[in-house]
Amino acid sequence: MPKFAANLTMLFTEVPFLDRFERAAQAGFTAVEFLFPYDYPAGEIRRRLEANRLSLVLHNLPAGDWAAGERGIASHPDRIEEFRIGVGQAIRYAQELGVRQLNCLAGKAPAGVPASVLHDTLVANLRHAAGRLHKAGINLLVEPINTFDIPQFHLCRTSQALDLIDEVGAPNLLLQYDVYHAQRMEGELAATLARALPKIGHVQVADNPGRNEPGTGEIDYRFLFRHLDRIGYAGWVGCEYKPAASTEAGLDWRGALCRQQAEGVAQ
């Protein structure tokens, strides 16, 4: 069974952000992830992690004005300096919090900018970020996002991301494979995971439709989690889903999967 990290941006939202660390630990998680730490002092987040014996496995680089609808600026040619300042900020937080992987969101394509310019900007920014993160001992991830949920998102398919990783050519640049986004854009989850495994640094899960708990939709997570074990994926699986009701009410999917796996081994 994979190792699961609670995404504190999506889960335990019944309480304020800094109180979610305790809720995650009480629910049996030993690791967490979230979108952004930058609204809080790194020292305060570190204290919450230590008090609850949690590891922080992932957060994102700064991604522009999230509240205004921005979803990353790494492909925006007029915001290169802002992006690079954000890389430095992310490294400082990661070093304080013990994070070994940071995710970069490419962003939505701004109107009127040629695709070739967006691509070249993204490649240059990723090379810059990967180089700085490499010196700090941190991996950089890129994540395709489905264009149903976020129209005009610049990086939306696994094949695009893998080609981008090859073009950038940085040894610490890896793929963040979000099962929900991949299902919406392309399907072929098991085959893609197996083929891309050497370049996958992190996996995230939610079911479709609705982006709710695993087991609530069309994705066969009982099969998929066994598949991750079979192909040798040893990283964390981030639980980045929207609970259908309260977070705690929806957490039984983990126990059900463990029971099913135990029954399968016993047979």
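The values are calculated or read from the model by the stated rules, or taken from the named source; none is laboratory data. From a predicted model like this one, the values you see are computed outputs, not experimental measurements. Here the Cβ positions follow ideal geometry from the backbone for every residue, glycine too, while neighbour counts run over all protein chains shown. To get the accessible areas, we keep the full protein, side chains included, count just its heavy atoms, and leave off ligands, DNA and RNA. Shrake-Rupley method; radii C 1.70, N 1.55, O 1.52, S 1.80 Å.
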- Can we say residue 85 is at pLDDT 95 or above, out of contact with any helix residue (DSSP H, G or I) (no Cβ under 6 Å at 6 or more places or on another chain), surrounded by 13 or more Cβ atoms within 10 Å (Cβ to Cβ) and not charged (D, E, K, R)? no
- Candidates 238, 255, 250 - the one that is out of contact with any helix residue (DSSP H, G or I) (no Cβ under 9 Å at 6 or more places or on another chain), over 25 Å from residue 100 (Cβ atoms) and surrounded by 18 or more Cβ atoms within 10 Å (Cβ to Cβ): 250
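Every residue, every condition in (1) more than 23 Å from residue 149 (Cβ to Cβ); (2) open to solvent by 20 Å² or more (accessible area, probe 1.4 Å); (3) in contact with a Phe, Trp or Tyr (Cβ under 7 Å, 6 or more places away or on another chain); (4) in contact (Cβ under 8 Å) with a residue 24 or more places away in the chain, yes or no:
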{"site": "25", "(1), (2), (3), (4)": "yes, yes, no, yes"}
{"site": "41", "(1), (2), (3), (4)": "yes, yes, no, no"}
{"site": "64", "(1), (2), (3), (4)": "no, yes, no, yes"}
{"site": "71", "(1), (2), (3), (4)": "no, yes, yes, yes"}
- Task: Please go through the range 110-135 and pick out each residue that is of a type outside the set (D, E, K, R) and either under 20 Å from the mean Cα position of the chain (by Cα) or crowded, with 20+ Cβ neighbours inside 10 Å (or both).
- Result: 118, 121, 122, 123, 125, 126, 129, 130, 133, 134
- Message: For the range 117-163, give me each residue that is touching a residue at least 40 places away in the same chain (Cβ under 8 Å) and part of a strand (DSSP E or B).
- Response: 139, 141, 153
